[in-house]
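A.B. asks: Below is a structure I'd like to ask you about.
The values are calculated or read from the model by the stated rules, or taken from the named source; none is laboratory data. No experiment lies behind these values; they were computed from the predicted model shown. FYI the Cβ positions are ideal-geometry reconstructions off the backbone, even for glycines, and counts take in every protein chain you see. These area figures cover heavy atoms from the full protein model, side chains too; ligands, DNA and RNA do not enter into them. Shrake-Rupley method; radii C 1.70, N 1.55, O 1.52, S 1.80 Å.
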Amino acid sequence: MYTVFNNNWFDSIKTKNSLSYTSSYKNTRFKTFIKRLIVTFFIFTSVSTFAQETKIIIYGDSISAGYGMTLPQSWPNLLNETFKTEKTNIKIINESISGETTGGGLARLDNVLERYSLSNKDWIIIELGGNDGLRGFPIKTIKQNLLQMIELAQSKKINVALMQVRIPPNYGARYTGLFENNYSELTQLYNIPLVPFFMDEIATQPQYMQKDNLHPNVEAQPVIRDIMRPVIESLLLP
């Protein structure tokens with residue numbers, strides 16, 4: 001009887017040890033699984049965050065809308081294609097309209113910003129005012145419209161840059177000076193970047209201008225793309 005009892009006792013101990021080992025093994029595997037799941041989650045989150053594209057809205061008039069050519073030929077589209085080819089996670093969105101004024105831009109801005117679900121990583125570059133100036137609109141009206149566009153975008157946590165726009169001296173030096181000063185004054189007031197006017201480098205070269213001497217031609221679009229690329233990339237620097 002003692003032998004049987006001893007064997008039973010031995011078997012019982014073996015069974016308990018086996019169960020304890022199995023339970024411990026399962027717990028270890030479960031903990032390892034959870035750890036791997038957590039690591040995978042953070043890696044996926046980090047990669048997703050890193051890979052998230054930055055949207056840049058070009059909000060201008062005919063010189064950015066591709067006046068006199070097809071939309072794919074316009075410089076914003078050419079720059080967007082360059083970024084896509086190089087997989088830089090920068091997306092250029094062209095919301096420019098030929099003939100647009102600051103008043104028209106202000107009227108439609110809220111809908112444009114809502115359409116693209118922008119985040120605080122994204123930008124809008126406002127290139128408006130040229131048509132206002134060519135029509136002799138009041139300086140204060142132009143400034144107020146630009147001001148409201150800046151404030152609207154900032155209220156939605158979107159980064160804003162303002163392009164320095166210039167006009168021919170049709171209305172005299174005083175009007176032209178006040179018009180151009182609007183841009184530097186607003187960028188200082190709101191502490192936002194003042195983007196150089198790409199037409200400064202284009203308008204002086206007849207081979208890049210259409211016959212009206214106001215709009216860049218198709219040949220100018222790759223040149224403007226190359227002018228604007230480092231400007232836009234500099235906006236995204238930390």
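A.B. asks: Considering the range 141-159 alone, what residues qualify as being of a type in the set (S, T, N, Q) and either within 16 Å of the chain's Cα centre (by Cα) or open to solvent by 50 Å² or more (accessible area, probe 1.4 Å) (or both)?
C.D. replies: Within the range 141-159, THR141, GLN144, GLN148, GLN154, SER155, ASN159 qualify.
A.B. asks: Oh, and also: Here are some residues: LEU162, LEU237. Which one is open to solvent by 50 Å² or more (accessible area, probe 1.4 Å) and not in a helix (DSSP H, G or I)?
C.D. replies: LEU237
A.B. asks: Let me ask something else. Looking at (1) within 24 Å of the chain's Cα centre (by Cα); (2) in contact (Cβ under 8 Å) with a residue 12 or more places away in the chain, find the lone condition where GLN207 falls short.
C.D. replies: (1)
A.B. asks: If I filter the range 76-115 down to residues being in contact with a strand residue (DSSP E or B) (Cβ under 8 Å, 6 or more places away or on another chain) and either of a type in the set (Gly, Ala, Ser) or at positive phi (or both), which single residue comes out as least open to solvent (accessible area, probe 1.4 Å)?
C.D. replies: Only one residue fits best here, namely GLY105.
A.B. asks: Out of curiosity, is SER184 closer than 29 Å to ARG115 by Cβ, surrounded by fewer than 14 Cβ atoms within 10 Å (Cβ to Cβ), hydroxyl-bearing (Ser, Thr, Tyr) and free of Cβ contacts under 8 Å to residues at least 60 places away in the same chain?
C.D. replies: For SER184, the condition - closer than 29 Å to ARG115 by Cβ, surrounded by fewer than 14 Cβ atoms within 10 Å (Cβ to Cβ), hydroxyl-bearing (Ser, Thr, Tyr) and free of Cβ contacts under 8 Å to residues at least 60 places away in the same chain - is not met.
A.B. asks: Right, next: For GLY133, are the conditions met, namely being part of a helix (DSSP H, G or I), modelled with pLDDT of 95 or more and surrounded by 21 or more Cβ atoms within 10 Å (Cβ to Cβ)?
C.D. replies: yes
A.B. asks: While we're here: Quick one: which of VAL160, VAL112, VAL165 is within 21 Å of LEU237 (Cβ to Cβ) and modelled with pLDDT of 95 or more?
C.D. replies: Residue meeting the stated conditions: VAL160.
A.B. asks: Can I ask one more? Which members of the range 77-91 meet the condition of being touching a residue at least 40 places away in the same chain (Cβ under 8 Å) and more than 19 Å from LEU237 (Cα to Cα)?
C.D. replies: Listed by number, the list holds a single entry, LEU78.
A.B. asks: Sticking with this one: Every residue in the range 78-130 that is under 17 Å from LYS55 (Cβ atoms), outside any helix (DSSP H, G or I) and among the β-branched types (Val, Ile, Thr), please.
C.D. replies: Passing the criteria: THR88, ILE90, ILE92, ILE93, ILE124, ILE125, ILE126.
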